[in-house]
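Reading through the structure tokens given below for one structure.
Since every read-out is calculated from the coordinates, none of them should be taken as a lab result. Quick caveat: nothing in here was measured; it's all calculated off a predicted structure. Counting neighbours? That spans all protein chains shown, and the Cβs are built from the backbone with ideal geometry, glycine included.
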Amino acid sequence: MQQERGSATPLRIVIVGGGTAGWMTAAGLSRLLDPRDYAVTLIESDEIGTVGVGEATLPHIKTFNDMLGLNEAEFMAATQASFKLGIEFVGWTRDGDRYIHPFGTFGEPWAGVDFQHHWARAKLAGREVAPLQDYSFAVAACRADAFAFPDTDSKSIRSTFAYAYHFDASLYAAYIRRWATARGVRRIEGLVLDVARDADTGHVRALTLKSGETIEGDLFVDCSGFRSLLVGQTMGVGWQDWSEWLPCDRAWAAPCERDGPFTPYTRATAREAGWMWRIPLQHRVGNGYVFSSRFCDEERALDTLLGHLENPPLADPRLLRFRAGRRERMWAGNCVAIGLAGGFLEPLESTSIFLVQAAVTDLANLMPVPGRPIDPRLAAEFNRLSAIQYDRVRDFLVLHYIANAREGEPLWDHLRTMALPDTLAHKIALFEESAAAPSYRYGLFSRDSWLSVLIGQGVEPKGYGRLADRLPLDVLEVRLADLRARIDGGVATMPAHGEFIAGYCAARPAESVPV
């Protein structure tokens, strides 16, 4: 973004905290902003650990990496990464049921009308129609454990999907740390012990480290994790508690060796008091059990995790404690919260890294001009955009829980009968009436994502958009059959996921990052 050169002195941006959030912020800002106008410093302490289990991502991460100019094969090799085409949900309606949330479209728009309306019309008319999942190329590739890059020809059925990554989060943070420091980001090792504020404005002026060093700044980015040292503790910004709708507040995490096919998708399996994740990396599988302490104690949850691993754990299980929700404001004064310092939503749809990425992009676009006071309207707009992101993700996550048939299990009984956010209740009612699914210009998730979970959880439309009636039913039936044939034919030519990884980005020690 072009900035007006307001001062010969760069605006000093100080990031508190490393990990994935801190180093994504440092790398993103150093790439997007003119280094003559902005100086980026990051403070992190080896005494403070990071969460480090955000190993699954959304396709947006490729956009971020491409913006940095990372070499994809090199980055994947250095972070033990694999490809991700979607998320498989097992047992979320009842035991044994499964569906996939794909990173791609369902069908094609015909006669200017979104596919789900044609599909619903054919089904309601009693015509021969397959489950919605069968009309997604990405779903078919997941089922085949296959992978290849999307075609660049928009007319090809193999252009109708995107991909993300599974990677070792600590290795990713280290990788972009090397990238950022090679490009001028100043790193300071130290533990923040004191925060000095301006008596008149209340803005943060400086941070005092355990070593006694004082770090001054103009804009402070809080990537201190759940502590929220600056925005929560110092600026006193309140917390919106969403545990009413998302009661899971604990997670056990443990890696193990992989058995079976090298799947190009994350798996989320419903359990009695929550759900388990399975994330396949090149060197191991990441596993975890997200659960509600209201319905299960920590020891029982650990037994559940260990009892469902495909191999013995490679390390001692780690317990994470959290609350679902977000700060009432992400930007207060001259402090901006990014990552866990600003909010937390359980990793059901791998949104944590995306929310960091979105915040970094919005902050760069709204960055104050050097040499001027911070305009409060910049903060107001950042807070508005952040609220949209978090609120829309919240609704999507709650949707996974509420339409379940796991009767007799207290957590799931509670979720099935709880009052919904008004915004979510409206979306469900509209879909049931007319097959209309949310389609956002800003924020997660896409229409196809909503379709996958609505239908996957058993929410069926009773109607459809009437413009779909313009296509004769006989023609529609032929098109549906042709679409399935093209999907099957396209997937049949793809190599196995493991074979593609071996030839493209097999892991090797990460020693350096090209400058």
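Figures for the structure shown
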item	result
Segment F149-R441, extension gain: residue separation times 0.36 nm, minus the distance between their alpha carbons	102.6 nm
5 angstrom amide H check on A332, placed H, neighbours 5+ away	A337
5 angstrom amide H check on G443, placed H, neighbours 5+ away	none
Residue-by-residue Karplus 3J(HN,Hα) for the stretch 311-321, coefficients 6.51, -1.76, 1.60, Hz, glycine and proline x	8, x, x, 8, 8, 4, x, 10, 9, 10, 10
Distant alpha-carbon pairs in the chain (separation over 38 angstrom), percent	29 percent
Spherically averaged projected area in nm², based on the convex hull that wraps the Cα atoms of the stretch 113-257	17.7 nm²
All-pairs alpha carbon distance profile, the stretch 1-159, 5 Å steps from 0, percent	1, 6, 10, 13, 14, 13, 10, 10, 8, 7, 4, 2, 1, 0, 0
Exceeding the 25 Å Cα-Cα cut-off - candidates K155/K462; K427/K462; K155/K427	K155/K462; K155/K427
Formal net charge of residues neighbouring F83 (Cβ-Cβ distance under 14 Å; K, R +1; D, E -1)	-2
